[in-house]
Amino acid sequence: MQQNEDLHLITGTWLPVMEEFYSLQGEGYNTGEAAYFVRLGGCDNGCLWCDAKESWNALAHPLVGVDDVVERATKFRARSVVVTGGEPLLYNLNYLCKKLSEQGFKIYLETSGSEPISGSWDWVCLSPKKEHPPLPPIYHLANELKVVITSPDDLEFAEKNAREVSKNCHLFLQPEWSARDKIIPVIVDFILQNPAWSISLQSHKYIRIP
Ligand code: SF4
């Protein structure tokens, strides 16, 4: 039984899914767009401010057949799927991307970049974490760089990462939700001085959608 599960994970035909839901993208460049969200379980980055801590333990989430996930996504009108986590790149995502592409979906990845890339993506949102910095190959694939800012020190980390991405990559600073009242003025001031950056707000939390 365990052998079968390992094989499914290796081939990417089954994945530990924490939740699936249809909603609007709340953050970053594609804010406001309808999409089907697939949140995979498993992450060992350990961000203190993580708002998806229930995702960390992959074993707490059932292995779900990718064909079934794709089938459920087709029931909704939007033709976009956001694959998020947890850290989705802990898994081989080639099969998931292939099946979604065959159904005509645009496929969006949200990742810290801490694991090797797999899958073929229409949009990569790289959200680097200090504790587990991205592996270098992901930088040139990133369409957007979204750095969560909890304190002024994080701006230096954001600039360091911005030096690694391509010149077409969109740059976002996102206030960490619990620190937002203190940190938003710092971010606004920084962007006024560094207009290559934009602010990303977790709009789904303001309008209370998933
Ligand atoms: Fe949470 Fe994402 Fe950090 Fe993992 S990388 S601990 S899921 S915020």
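The values are calculated or read from the model by the stated rules, or taken from the named source; none is laboratory data. Note that this is a predicted model, so its numbers are computed, not measured. Neighbour counts run over all protein chains shown; Cβ positions are idealised from the backbone, glycine included. Each accessible area value is taken on the protein alone, full model and side chains, heavy atoms only, with ligands, DNA and RNA left out. Shrake-Rupley method; radii C 1.70, N 1.55, O 1.52, S 1.80 Å.
Selection among C47, V124, L89 by position relative to the dipole of the chain gives V124 as farthest towards the positive end (Cβ unit charges, Cα centre).
Dipole magnitude for segment 9-77: about 80 debye, using +1 per Lys or Arg Cβ and -1 per Asp or Glu Cβ, origin at the Cα centre. Shape class for segment 1-52, computed from the alpha carbon gyration tensor (a ≥ b ≥ c): oblate, with a/c not under 1.5 and a/b at or below b/c. Here segment 84-149 and segment 1-67 have alpha carbon centers that stand 12 Å from each other. A probe of 1.4 angstrom, applied to the heavy atoms of all protein chains, finds Y91 with accessible area near 30 square angstrom.
With each label modelled as a point 7 angstrom along the Cα→C-beta vector, the F76-Q103 pair spans 1.1 nm.
Secondary structure note: in the chain, about 30% of the DSSP beta bridges are antiparallel. With a cut-off of 18 Å on the backbone N, the residues of segment 144-178 near the modelled label site 7 Å out from V188 along Cα-Cβ are 149-152, 173-178. Spacing of the modelled spin labels on E54 and K167, each 7 Å from Cα toward Cβ, amounts to 4.5 nm. Label point 7 Å out from Y22 along Cα-to-Cβ: which residues of segment 65-91 have amide N under 16 Å? Correct set: 69-82. In the chain, taking the dipole from charged Cβ atoms about the Cα centre, the farthest positive-side position among A78, I199, N57 is held by A78. Extension gain, T13-K160: 0.36 nm per intervening residue step, less the Cα-Cα distance, totals 49.3 nm. Can you tell me what percent of all Cα-Cα pairs in segment 51-210 are more than 25 Å apart? Summing the P(r) tail past 25 Å for segment 51-210 gives 37 percent.
Estimated from the Cβ-Cβ distance and a Förster radius of 22 angstrom, the FRET efficiency linking S203 and S178 is about 0.85. Karplus-based coupling profile of segment 170-175, in residue order and whole Hz: 7, 10, 10, 10, 10, x, with θ = phi - 60° in 6.51 cos²θ - 1.76 cosθ + 1.60 and x standing for Gly or Pro.
The apolar share of the surface of the chain, taken as the fraction of accessible area on carbon and sulfur atoms (1.4 Å probe, ligands and nucleic acids excluded), comes to 54 percent. Length available on full extension from D67 to A34: 0.36 nm per residue minus the Cα-Cα distance, which gives 9.7 nm. A 1.4 Å probe run over the protein chains yields, for the chain, 51 Å² of accessible area per residue, whole-number rounding.
Under the convention that each Lys and Arg Cβ holds +1 and each Asp and Glu Cβ holds -1, the size of the dipole of the chain around its Cα centre is about 520 debye. Under the membrane-span-like helix rule (DSSP H runs whose alpha carbons stretch at least 18 Å along the helix axis, mean Kyte-Doolittle hydropathy -0.5 or higher), the chain yields 180-193. Using a 4.7 Å Cβ-Cβ cutoff, the cysteines of the chain lacking any partner cysteine are C43, C97, C125, C169.
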